1. Within the stretch 34-55, track down each residue that is touching a Lys or Arg at 6+ places or on another chain (Cβ under 9 Å) and under 16 Å from K104 (Cα atoms).
2. Can you give me the number of residues within the stretch 12-32 that are aliphatic (A, V, I, L, M), assigned to a helix (DSSP H, G or I), touching a Lys or Arg at 6+ places or on another chain (Cβ under 9 Å) and in contact (Cβ under 8 Å) with a residue 40 or more places away in the chain?
3. For the stretch 49-58, give me the residue count where each residue is surrounded by fewer than 17 Cβ atoms within 10 Å (Cβ to Cβ) and part of a helix (DSSP H, G or I).
4. Taking the residues in the stretch 69-90 that are without any contact (Cβ under 8 Å) to a residue 12 or more places away in the chain and assigned to a loop (DSSP other than H, G, I, E, B) as candidates, determine which candidate is surrounded by the most Cβ atoms within 10 Å (Cβ to Cβ).
5. Report, by residue number, each residue of the stretch 49-79 that is hydrophobic (A, V, I, L, M, F, W, C) and at pLDDT 90 or above.
Amino acid sequence: MMMKRKIEDVLIKIGVPSNLSGFDYIKEAVLILDRDGMNVKWTAVYYEIGKNHGKTPTMVERGIRHALEVARSAKGDYEMANHYIGFINTSNSSSISLLYRMTKREMEDEETAFSHNNIQADITEDYIKEIIKKATKSRKCDGRI
C-alpha cells in the first residue's frame, strides 16, 4: 500500500496528470514489477493491466507512452522526470523499470532513516540516568565502590 502511494506522489511530482489513463497504468505496472520482479514480459504486463481495465494491451502501452511523454514535455518537472524516468532510453519498459528502482530505493532509505530515528528517540536522558543508577547499585552490592 505504501508503494502505491509513493508511486502516485512521484507521478504527480514528475508532471503526469492523474486524470490520464496512463497514470493508473504506470502505477499498476510498477506494482507488478514489485510483485513479480524485474524480469517480466512487458506484453504480459500490458495484457494484465488491460484485462483489469477492460482495455487492449495496445491501448495500455499507448496510454503509458503518452503519460511518460507528458512528464518529459515542458509541462513536467525536468529534474524530477530525469531522476525518476530518465531522458536517454525513453522506452516504456526502461522508464517504468527506472521509476520502480528509484522509488524502491527511496522507500528503503526512508525506512532506514525512520528506524535510526526511532532508536535515537528511545534513548532519553531519563533512560540514561536509570541505567547509570542501576550500574551504580550493582557495583555497591559487589563492594567495588
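The values are calculated or read from the model by the stated rules, or taken from the named source; none is laboratory data. All of these numbers come straight from a predicted model, not from anything done at the bench. Backbone-built Cβ (ideal geometry, glycine too); neighbour counts: all protein chains shown.
1. D34, M38
2. As a first pass, look at the stretch 12-32 and keep what is aliphatic (A, V, I, L, M): 12, 14, 16, 20, 26, 29-32.
From the residues that got through so far, the ones that are assigned to a helix (DSSP H, G or I) too are 12, 26, 29-32.
Okay, now just the ones that are also touching a Lys or Arg at 6+ places or on another chain (Cβ under 9 Å), so 30-31.
Restricting the remaining residues to those that are in contact (Cβ under 8 Å) with a residue 40 or more places away in the chain gives 30.
So the answer is 1.
3. Final tally of qualifying residues: 4.
4. N89
5. Initial filter on the stretch 49-79 (hydrophobic (A, V, I, L, M, F, W, C)): 49, 59-60, 64, 67-68, 70-71, 74.
Those that are hydrophobic (A, V, I, L, M, F, W, C) and at pLDDT 90 or above: I49, M59, V60, I64, A67, L68, V70, A71.
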